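Enquirer: Before anything else, here's the structure in question.
The values are calculated or read from the model by the stated rules, or taken from the named source; none is laboratory data. Fair warning: this is a prediction, and the values are worked out from it, not measured in the lab. Note: ideal-geometry Cβ built from the backbone for every residue, glycine included; neighbour counts use all protein chains shown. To get the accessible areas, we keep the full protein, side chains included, count just its heavy atoms, and leave off ligands, DNA and RNA. Shrake-Rupley method; radii C 1.70, N 1.55, O 1.52, S 1.80 Å.
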Protein chains: 2
Amino acid sequence: MGERWWHRKFRGCGYRLTVPREVIFTVLSKTSKHLSAEEIYIEVHKTYPAIGLTTIYRTLELLVEMGFILKFDFGDKRARYELAEGLQGKQHHHHLLCTDCGKIIDYTDFAKEEKELLGQTEKGLSEKFNFKITNHLIQFYGLCSKCQKK
Amino acid sequence: MGERWWHRKFRGCGYRLTVPREVIFTVLSKTSKHLSAEEIYIEVHKTYPAIGLTTIYRTLELLVEMGFILKFDFGDKRARYELAEGLQGKQHHHHLLCTDCGKIIDYTDFAKEEKELLGQTEKGLSEKFNFKITNHLIQFYGLCSKCQKK
DNA sequence: TTTGATAATGATAATCATTACCAAAAAGGT
DNA sequence: ACCTTTTTGGTAATGATTATCATTATCAAA
């Protein structure tokens, strides 16, 4: 799949390809951080100063809707975004959050055990409450090594 | 433990007992819902019309800090609160959220499997990343039976 | 290539939950 | 009852996100 595979998907959904969208997508593709809308704005602004914050928000919403990126809430009052699984080799993972300094660690371990639990849980909950489960959220909170020493 | 056990704990921490605090705590004790600050405000207002929204927020923060209640974010832009585990027979549970109508279901099932996974995961993460894990969040999202039919 | 319908943009104002501020009122030890 | 300290509640401020709307850009068709 070439560099422009997402262009096709974009077009296929009837959306237009624009410079802002290109740049925003690129920024998210090249970082391993969990950027907020404002951080993305600042980053995009470097190569495309005409960008407006509104466009950032709108584009992020669009990218989420299309499944290119994921939106998270890590409890710091602003949404954060990262590339979806499958893109740029991103694997399914969860987050480990330091409640002191805000550090975020992605971890992909325990996938097997987790999958098992999720399978059981989703099945059980579906039956018991007649819920159709589409998604889940798992996060761990604690203190990173640096903050433990303080 | 009598009805006033928490009065002692309150006093013990150097906090004063006030009518607003009493009323707010009572509201949270008597509901099984996941109320937002504003909903609590409205409820408290019925029996104590002089209440101020600021006091609601302050008291909730205090109750969270003291461990009487838990604060949650269910993705609807406002914090929601519920009585902590152990109070009024509340058990440790997680939430099942309907992404369509916002319905929230508490479930206590799968505690064993979950506990196992959490134990393993927390241990593994602690070792690998030298993180001291203090808390976790697990939520499932999906469609409730009513919303599936639409 | 130019055109034209339509979608996208960006500056600005509006929202809305939550906080900060501060003077007035309440709590609780004396 | 008094006095010191905490608590309260009205109001304004904050800060992320959304709505509005005139201007601009995209792209299929001529």
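Enquirer: Only one of these conditions is not met by B:Glu82: (1) more than 12 Å from chain A (Cβ to nearest Cβ); (2) closer than 30 Å to A:Lys112 by Cβ; (3) charged (D, E, K, R). Which number is it?
Expert: (2)
Enquirer: Please specify each residue of the stretch B:80-110 satisfying the condition of being among the acidic types (Asp, Glu), in contact with a helix residue (DSSP H, G or I) (Cβ under 8 Å, 6 or more places away or on another chain) and modelled with pLDDT under 95.
Expert: Taking the stretch B:80-110 first, the residues among the acidic types (Asp, Glu) are B:82, B:85, B:100, B:106, B:109.
Those left that are additionally in contact with a helix residue (DSSP H, G or I) (Cβ under 8 Å, 6 or more places away or on another chain): B:82, B:100, B:109.
The answer is B:Asp100, B:Asp109.
Enquirer: List every residue pair whose Cβ atoms lie under 6 Å apart, where the two residues are 6 or more positions apart in sequence or sit on different chains, the first residue falls within the stretch A:17-38 and is among the small types (Gly, Ala, Ser), and the second residue, located anywhere, is in a helix (DSSP H, G or I) and away from DNA strand D (no atom under 15 Å from the Cβ).
Expert: Filtered contacts from the stretch A:17-38: A:Ser29/A:Gln88.
Enquirer: Looking only at the stretch A:2-23, decide whether some residue is touching a His at 6+ places or on another chain (Cβ under 8 Å), near DNA strand D (Cβ under 10 Å from one of its atoms) and either within 26 Å of A:Leu97 (Cβ to Cβ) or away from chain B (no Cβ under 14 Å) (or both).
Expert: Taking the stretch A:2-23 and keeping what is touching a His at 6+ places or on another chain (Cβ under 8 Å), we get A:17.
Going one step further and asking which of them are near DNA strand D (Cβ under 10 Å from one of its atoms), we end up with A:17.
From what's left, either within 26 Å of A:Leu97 (Cβ to Cβ) or away from chain B (no Cβ under 14 Å) (or both): A:17.
For the stretch A:2-23, residues touching a His at 6+ places or on another chain (Cβ under 8 Å), near DNA strand D (Cβ under 10 Å from one of its atoms) and either within 26 Å of A:Leu97 (Cβ to Cβ) or away from chain B (no Cβ under 14 Å) (or both): present.
Enquirer: Regarding B:Leu125, is this residue within 7 Å of chain A (Cβ to nearest Cβ) and not in a helix (DSSP H, G or I)?
Expert: Answer is no for this residue.
Enquirer: Next up: For the stretch B:70-87, state whether one or more residues are more than 22 Å from the chain's Cα centre (by Cα) and surrounded by fewer than 16 Cβ atoms within 10 Å (Cβ to Cβ).
Expert: From the stretch B:70-87, those more than 22 Å from the chain's Cα centre (by Cα) are none; that's our starting set.
No: zero hits.
Enquirer: Okay, moving on. Out of A:Thr26, A:Thr59, I need the residue that is more than 9 Å from DNA strand D (Cβ to nearest atom), open to solvent by 20 Å² or more (accessible area, probe 1.4 Å) and among the polar types (S, T, N, Q). Which one? If you could, list the steps in order and put the result at the bottom.
Expert: On the way: A:Thr59 fails: open to solvent by 20 Å² or more (accessible area, probe 1.4 Å).
Exactly one residue qualifies, and that residue is A:Thr26.
Enquirer: Every residue in the stretch B:111-146 that is in contact with a Cys (Cβ under 8 Å, 6 or more places away or on another chain) and either open to solvent by less than 40 Å² (accessible area, probe 1.4 Å) or closer than 22 Å to A:Thr99 by Cβ (or both), please.
Expert: Correct list: B:Phe129, B:Asn130, B:Phe131, B:Gly142, B:Cys144.
Enquirer: With the condition kept exactly as written, say whether any residue in the stretch A:130-142 is closer than 30 Å to A:Gly12 by Cα and of a type in the set (Phe, Trp, Tyr).
Expert: No, because not a single residue in the stretch A:130-142 is closer than 30 Å to A:Gly12 by Cα and of a type in the set (Phe, Trp, Tyr).
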